[in-house]
Amino acid sequence: NITRSRPDNENPDDSPTVSCANSVSEPKMTGPEPGFIGPDRRYRLDSFISNEFQGFIYDAVDTLSNRKVRLLAFPANTAEDKTRTERLKNEAQELALLNHPNLISVFDFFEHQGRLFLVMEWLTGKTLANRIEKEGAMPVDDSIQIIKTIASGLGFAHKLGFTHGDIK
């Protein structure tokens, strides 16, 4: 969860928040042209990756720029809550302002057939969990470098008033 700190005069109920869904199943994508979603069918879903974080992660292509992206599909009922939809939209707009090499960029946020989507930068490589699973414990110097990299991104976001609520 990433949230932005509020100025003292801002209503706490207006602050953007994202909550995690614990158990959900893969969304059913339906429409006139299966695989294409979003405004003007801009995004082509290529493959389902996982059902982690707040919803479902897909590899996709932004057909306007021909760039690979990751799509986060929120659970189907999320769009029914207009207050939550507005909060998620505001958070996506704020996160899109963050530009740092150690943070994933946010490109877009939209609703398609009652489901909310967040479009993010597509990255290659393995996760830290994959590396530890494959290689076991890391040398201390490697661990320190990874911690410095994470701290650099979090520090940048923090200077702009953002805090991450789910560091593990």
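The values are calculated or read from the model by the stated rules, or taken from the named source; none is laboratory data. Fair warning: this is a prediction, and the values are worked out from it, not measured in the lab. Note: ideal-geometry Cβ built from the backbone for every residue, glycine included; neighbour counts use all protein chains shown. To get the accessible areas, we keep the full protein, side chains included, count just its heavy atoms, and leave off ligands, DNA and RNA. Shrake-Rupley method; radii C 1.70, N 1.55, O 1.52, S 1.80 Å.
General observations
- Sole exception among (1) touching a Lys or Arg at 6+ places or on another chain (Cβ under 8 Å); (2) at pLDDT 90 or above; (3) surrounded by 17 or more Cβ atoms within 10 Å (Cβ to Cβ); (4) β-branched (V, I, T) for T63, by number: (3)
- Scanning region 130-168 for residues being surrounded by fewer than 10 Cβ atoms within 10 Å (Cβ to Cβ) and either among the hydroxyl-bearing types (S, T, Y) or closer than 26 Å to A96 by Cα (or both) gives a total of 4.
- Every condition in (1) under 30 Å from A151 (Cβ atoms); (2) of a type in the set (D, E, K, R); (3) outside any loop (DSSP other than H, G, I, E, B) is met by E52 except one, and the failing one is (3).
- Of everything in region 70-93 that is modelled with pLDDT of 90 or more and β-branched (V, I, T), the residue that is nearest to F110 (Cα to Cα) is T85.
- Checking the stated criteria, R6 turns out not to satisfy the condition of being modelled with pLDDT of 90 or more, open to solvent by 30 Å² or more (accessible area, probe 1.4 Å) and touching an Asp or Glu at 6+ places or on another chain (Cβ under 9 Å).
- The residue of region 45-60 that is modelled with the highest pLDDT, among those that are buried (at least 17 other Cβ atoms within 10 Å of the Cβ) and of a type outside the set (S, T, N, Q), is A60.
- Residue count for region 67-94 under the criterion of being hydrophobic (A, V, I, L, M, F, W, C) and not in a helix (DSSP H, G or I): the result is 5.
- Taking the listed residues G114, G136, the one that is at positive phi and at pLDDT 90 or above is G136, with no other qualifying.
- Elements of the type strands (runs of 3 or more DSSP E) sitting completely within region 95-168 and holding at least 1 residues that are within 15 Å of the chain's Cα centre (by Cα) and aliphatic (A, V, I, L, M): these cover 106-112, 115-121.
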